[in-house]
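None of the figures in this text is laboratory data; all of them are computed from the coordinates on show. It should be emphasised that the depicted structure is a prediction, and the values quoted were computed from it without experimental measurement. A quick note on method: Cβ atoms are made from the backbone with ideal geometry, for glycine too, and the neighbour counts reach across all protein chains shown.
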Amino acid sequence: MSVLTTTIGAYPKPDYLDLPDWWQDSREGEYYTFNYVDDYEAAVARLGAELEPLCVRATKDVIDDQVGAGIDIVTDGEMRRENYIHYHCRRLDGMDFANRADMEFRPGYHGRVPAITGAIRAQAPFLPSDWKAAQDMTDRPVKITLPGPVTIGNACVDEHYGDDRDARKQRGADLAEALNAEIKALAAAGCRYVQVDEPGFARSPDDALDFGFENLDRCWHGVPDSVTRTVHMCCGYPNKLDAENYPKADNDIYGRLADLVEDSLIQHYSLEDAHRHIDLAVLERFKTTTVILGCFDISKSRIETMDEMEERLKGALEHIDAERLIAAPDCGLGLLPRDIAVAKMTNLSAAAARV
């Protein structure tokens, strides 16, 4: 029995879409500076009415790449986004992009990020239109991604809630309510796969254990059964393609959080395994949750072979049923050249079909 395949979210922007994002900063060595905000806003203003047609064209191209490579559950590639976090933040009351400040959001990495200057509240839904534009291009289901409460909180300067435990919990609750409104709007539009990205859990495990899952479940409150509730949690990106020894969170976090994942509203749980193998025995902790297993490294230009990925998937199947295993990349593909991304996805799909 073959297993399904999916991608995680981000995809390299085609050359004709001159819209800056953090992956471009990464390729230039400006790792996680978040200083692309000015360039992004200038590009949006410069492109004007041309922006949406270019984003639609780019979305069609990246969906065609995924379908051609055999991916079962595709994403829109996040073509309209400057990154997976701040695109959403622009649509939240309480976020101030004109008032940016420096912060260290990971050890050794500083950047200029927007400030939270008021209570977080949802504005009018915006992702349903992104999803509809993408879903009209394919008969395969299109998954839409949103950043999670802890991850957003860790990527913005908080000038409103504060930084103590109760403040972080309340900030997360307000963010979860706002995300919940967007997810319900996606569900009403017909979207079947919604993914909340929470790599912040790996870097702030105490918050994840204390109140993170409570707020994550708030994101899914009242969401109909027609939506598959997916959460992605990786351990960190490199500063550039083929970088060595870049900071990553401990991947033992998957074992620490496994029981909480299983007891939560999460249905599909995406974790990385290719860059650093986990102990696959942890998959036995998931009795009902479907695991999306990272099978190729998004930080390396080397193309993993079909045999390598097949062997790892077979190892996973010693610990989890095939119907609850989905093959995927470790994370988003934005760092990869497009031809390498396609080659890796093609081998992934072939490997998944053989197990």
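3J(HN,Hα) couplings calculated from phi for the stretch 89-94 with the Karplus curve 6.51 cos²θ - 1.76 cosθ + 1.60 (θ = phi - 60°) are, in sequence order, 4, 5, 9, 10, 5, x Hz; Gly and Pro show x.
Values (1) 242; (2) 151; (3) 121 are given for comparison; volume of the Cα convex hull per residue in Å³, derived from the coordinates here, is the one labelled (3).
Summing charges over neighbours of F296, with a neighbour being any other residue whose Cβ is under 9 Å away from its Cβ, gives -2 when K and R count +1 and D and E count -1.
Considering only G222, G153, G48, the mean-square fluctuation computed in a Gaussian network model of the chain, springs between alpha carbons under 10 angstrom, is largest for G48. Highest mobility in the GNM of the chain, judged by mean-square fluctuation with C-alpha springs under 10 Å and restricted to A249, A202, A98, is found for A98. Protection proxy ranking of 225-232, 294-301, by the mean of other Cβ atoms within 10 Å over each peptide's residues and highest first, is 294-301, 225-232. Secondary structure note: in the chain, about 25% of the DSSP beta bridges are antiparallel. Under a 5 Å amide H cut-off, with hydrogens placed 1.01 Å from N, D158 pairs with I116 among residues at least 5 apart or on other chains.
In the chain, the DSSP-assigned H stretches of four residues or longer account for a calculated mean residue ellipticity at 222 nm of -11000 deg cm²/dmol, using -39500 (n - 2.57) per stretch and the full residue count as denominator. Straight-line cross-link partners of K13 among the lysines, defined as a Cα under 20 Å from its Cα and at least 8 positions apart when in the same chain: K60, K132, K143, K240, K300, K344. At a Cβ-Cβ separation cutoff of 4.7 angstrom, cysteine residues of the chain with no neighbouring cysteine are C55, C89, C156, C191, C219, C235, C295.
Among 332-345, 313-326, sorting by the average number of other beta carbon atoms lying within 10 angstrom of each residue, highest first, gives 332-345, 313-326. For K184, the aspartates and glutamates whose Cα comes closer than 17 Å to its Cα, not counting residues fewer than 8 places off in the same chain, are D130, D174, D197, D217, D225.
Close amide H pairs (under 5 Å, H built 1.01 Å from N) link A69 with no residue at least 5 positions away or on another chain.
Overall, the chain carries a charge dipole of about 540 debye about its Cα centre when +1 sits on the Cβ of Lys and Arg and -1 on the Cβ of Asp and Glu, all other atoms neutral. By its C-alpha gyration tensor, with a ≥ b ≥ c as the square roots of the eigenvalues, how is the stretch 113-257 shaped: rounded for a/c under 1.5, else prolate for a/b larger than b/c, else oblate? The shape class here is oblate. Summing Lys and Arg as +1 and Asp and Glu as -1 over all other residues whose Cβ lies under 15 Å from the Cβ of T305 gives a net charge of 0. Short-range pairs are left out: with C-alpha atoms under 8 Å and at least six residues apart, the relative contact order of the chain is 21 percent.
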